[in-house]
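Written below as structure tokens is the structure these notes are about.
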Amino acid sequence: MSSSTGCGAHCEANHTGAVAGAVVKQLYVERMNNAKMKRTERIDRLELMRTFIRIIEAGSLSAAAVQLETTQATVSRRLQSLESLLGTKLILRSTHAMKLTDDGERCYQHARQWVDGWLALEDDLQRVDDNPVGVLRVRAPHAFGQQQLLTPLVDFLQHYPQLSVEWMLNDKTVDFLSANIDCAIRVGADVDPATVSVLLAEVPRSLVISPELLAKVGTVLHPTDLASLPWVAISTFYQHEITLSHQQSRESVTFPIVPRLSTDSVYVARNTALAGLGAALISSWTVEEDIAQGKLIELLPEWRASALPVHLVYPWARYYPARLRKFLELMREVMPQLSGMRSPILE
């Protein structure tokens, strides 16, 4: 009996200790899980805010999903999670439209400041000797992007090995939000007051014609003689008329043209002018060698069309990452030095 009683007490003590140990272990696991959940929650909240911003700026959940490289279902789930966390409806959606609520508008403004601040912190901590990191998304005109800017771009990337660039060539007007790009190089475009536009350089233009076509049309002595010529028009800059100014007297003459061909490509205009299809008013850097080699003749060199301004354009923000600041420095330095370019003439 005594032996049995002693074993029972001993077993009960062991059982109590085991239970206590299990409880302590469970509490420890729960504490660690809670800490992990809190860390995850903080990360998730930042991701939710970033997704919400992308939905608003892209214009739809499907467009946001494409830009974030995820599924529309994931984007929708993140939006629902954010609305649940905040306890309010942020976006009203129908089949064909999306509208911010008042709370959604306030949330967007706060989210923008929060994410900008976080990006500034990331950029500051990741920067080594002020070297930019991450991905810079740039849109450039086809002609510049294929030829003029490639050498400085390669040098730029080799100088900053932690930086990557998405180099997208497109001559159309830029919609920064829906296209998800950081900046754009624009030639001859009107300045959009809703963006930051930095004037980098100017592109002089030359009025050219092939020797064979000039022999057919005869001597050209004055801009008024140009209206009767066949023309190749660069539709981005001129389509139905051209204005030339005399370099000394400043007299201006505007005359109509009837293009045989209209194109948005500088290279197409150059090549068709070489083929004798028509006269063309074209960026000087494109035809410098052709003029020097006699393949094209510059008409009335004392009369010039206005040079085209070149801007670096980017959306206004409270914070600009180092990669954008460094690229702006590069463009300011190299653009006026490119062949056929010049520094802006400020009047």
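The values are calculated or read from the model by the stated rules, or taken from the named source; none is laboratory data. This one's a predicted model, so the numbers in the text were calculated from it and none came from an experiment. Cβ placement follows ideal geometry from the backbone for every residue including glycine, while neighbour counts extend to all protein chains displayed. Accessible surface is based on the protein model in full, side chains and every heavy atom, while ligands, DNA and RNA are left aside. Shrake-Rupley method; radii C 1.70, N 1.55, O 1.52, S 1.80 Å.
Could you count how many residues in segment 136-149 are open to solvent by less than 70 Å² (accessible area, probe 1.4 Å), out of contact with any Ser or Thr (no Cβ under 8 Å at 6 or more places or on another chain) and over 15 Å from LEU328 (Cβ atoms)? Within segment 136-149, residues that are open to solvent by less than 70 Å² (accessible area, probe 1.4 Å), out of contact with any Ser or Thr (no Cβ under 8 Å at 6 or more places or on another chain) and over 15 Å from LEU328 (Cβ atoms) number 3.
Can you pull out the residues in segment 78-91 that are assigned to a helix (DSSP H, G or I), of a type in the set (D, E, K, R) and over 14 Å from ARG50 (Cβ atoms)?
If we filter segment 78-91 for residues that are assigned to a helix (DSSP H, G or I), which is where we start, we get 78-86.
Subsequent filtering for residues that are of a type in the set (D, E, K, R) retains 78, 83.
Across segment 78-91, the qualifying residue is only GLU83.
Whether any residue in segment 196-207 is under 30 Å from LEU300 (Cβ atoms), touching a Leu at 6+ places or on another chain (Cβ under 9 Å) and not in a strand (DSSP E or B) is what I want to check. For segment 196-207, residues under 30 Å from LEU300 (Cβ atoms), touching a Leu at 6+ places or on another chain (Cβ under 9 Å) and not in a strand (DSSP E or B): present. Contact map, segment 215-229: first residue closer than 20 Å to SER252 by Cβ, second residue among the small types (Gly, Ala, Ser) and open to solvent by less than 60 Å² (accessible area, probe 1.4 Å), Cβ cut-off under 6 Å, separation 6 or more or different chains; pairs are LEU229/ALA279.
Residues in segment 154-168: is at least one at pLDDT below 85 and surrounded by fewer than 17 Cβ atoms within 10 Å (Cβ to Cβ)? I'd like the intermediate steps shown before the answer.
Taking segment 154-168 as the starting set, the residues that turn out to be at pLDDT below 85 are none.
The answer is no; no qualifying residue exists.
The residues in segment 179-198 that are among the polar types (S, T, N, Q) and either closer than 10 Å to TRP316 by Cα or open to solvent by less than 30 Å² (accessible area, probe 1.4 Å) (or both) can be counted, and the count is 2. With respect to THR70, determine if the residue is open to solvent by 40 Å² or more (accessible area, probe 1.4 Å), among the polar types (S, T, N, Q), within 21 Å of LEU119 (Cβ to Cβ) and modelled with pLDDT under 85. Spelling it out, it is not the case that THR70 is open to solvent by 40 Å² or more (accessible area, probe 1.4 Å), among the polar types (S, T, N, Q), within 21 Å of LEU119 (Cβ to Cβ) and modelled with pLDDT under 85.
Number of residues in segment 190-212 that are out of contact with any strand residue (DSSP E or B) (no Cβ under 7 Å at 6 or more places or on another chain) and among the aliphatic types (A, V, I, L, M) equals 1.
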